[in-house]
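Please read the structure below before turning to the comments.
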Amino acid sequence: MEKIMPIGKISDFDEGKGKSVKIDDDTQVAVFKIGGKIFVIEESCPHQGGPLSEGEVEGLNVICPWHQMKYELESGNSSSDAWDKEYKVKAFKVILEGEDVKIEIPDL
């Protein structure tokens, strides 16, 4: 069964920017607010561990600040060149309850 974890309030997140949120000792996520909608993906780029929350937002994509790997915020899929299509980050389901933002973390 999935766990529902609170990550903050809608007002905690700036439009068009990423923010790193620590969920527990093992999980850190990157939260983005784009067009008023919240997206949550894994914080670390699988290429070399770059902090995705610090990346540039381009449409519904984030570009890793270390090596310019690009990821779709909705799916976590790489949207960069063909050579790096194998890279993917986990995208989390977002649950809004009033002003509260929560994510669904599937059991592993």
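Rule-based calculations on the coordinates, nothing more; no lab input. Keep in mind it's a predicted model, so treat the numbers as computed, not measured. Neighbour counts are summed over all protein chains in view; Cβ atoms, including those assigned to glycine, are modelled from backbone coordinates with ideal geometry.
Around ILE34, what is the net charge, scoring Lys/Arg as +1 and Asp/Glu as -1 over all other residues with Cβ under 13 Å from its Cβ? Computed value for this residue: -2.
Remark: region 62-70, residue by residue, has Karplus-estimated 3J(HN,Hα) of 10, 10, 4, x, 8, 9, 6, 5, 10 Hz, where x stands for each Gly or Pro and the curve is 6.51 cos²θ - 1.76 cosθ + 1.60 at θ = phi - 60°. Would you mind checking which residues have amide H under 5 Å from ILE34's amide H? H placed 1.01 Å from N; only 5 or more apart, or other chain. Here GLY16, PHE39 satisfy the definition. Charge tally for GLU54 (other residues, Cβ to Cβ under 10 Å; Lys, Arg +1; Asp, Glu -1): 0.
Entry for the chain at q = 0.23 Å⁻¹: log10 I(q)/I(0) = -1.28, Debye formula applied to identical alpha-carbon scatterers, no solvent contribution.
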